[in-house]
Amino acid sequence: MASTMTDNPAVSQSELLGAALRYCAVADWFESHPCRWHGEMSLAEAMDVFNRAEAELRATGARLLRRHGHRDLLLQAVGVSEEAR
């Protein structure tokens, strides 16, 4: 799932949006009731799929936020003090 991001902001944003959509789809699938995956895979296998999607989203988002300098602004917006950032 991981890919290299280019310096093109549109590509970077598209990659982040794609990662976010994949994460949302996997989270919805993982948390669905009844659990459709339960008959086909173990909890550990399903959790691995979920963890990989989450890791991709976090890594992609972090790179983009750091690259464009928005990380500190977002941390400030959620109440993280400057000293803690």
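The values are calculated or read from the model by the stated rules, or taken from the named source; none is laboratory data. Quantities reported herein were computed from a predicted structural model and do not represent experimental measurements. Cβ placement follows ideal geometry from the backbone for every residue including glycine, while neighbour counts extend to all protein chains displayed.
From the residues in the stretch 30-49 that are closer than 24 Å to Ala62 by Cβ and of a type in the set (A, V, I, L, M, F, W, C), which one is nearest to the chain's Cα centre (by Cα)?
Val49
Rundown of residues vs (1) in contact (Cβ under 8 Å) with a residue 24 or more places away in the chain; (2) of a type in the set (S, T, N, Q); (3) in contact with a helix residue (DSSP H, G or I) (Cβ under 8 Å, 6 or more places away or on another chain), yes/no style:
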residue	(1), (2), (3)
Pro9	yes, no, yes
Val26	yes, no, yes
Arg36	no, no, yes
Glu45	no, no, no
Thr60	yes, yes, yes
Ala77	no, no, no
Ser81	no, yes, no
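Can you name the residue in the stretch 3-29 that is among the β-branched types (Val, Ile, Thr) and within 14 Å of Glu56 (Cβ to Cβ) and, of all such residues, is modelled with the lowest pLDDT?
Within the stretch 3-29, the subset among the β-branched types (Val, Ile, Thr) is 4, 6, 11, 26.
From the residues that got through so far, the ones that are within 14 Å of Glu56 (Cβ to Cβ) too are 4, 26.
On the way: Thr4: 50, Val26: 94.
Across the stretch 3-29, the extreme among qualifying residues is Thr4.
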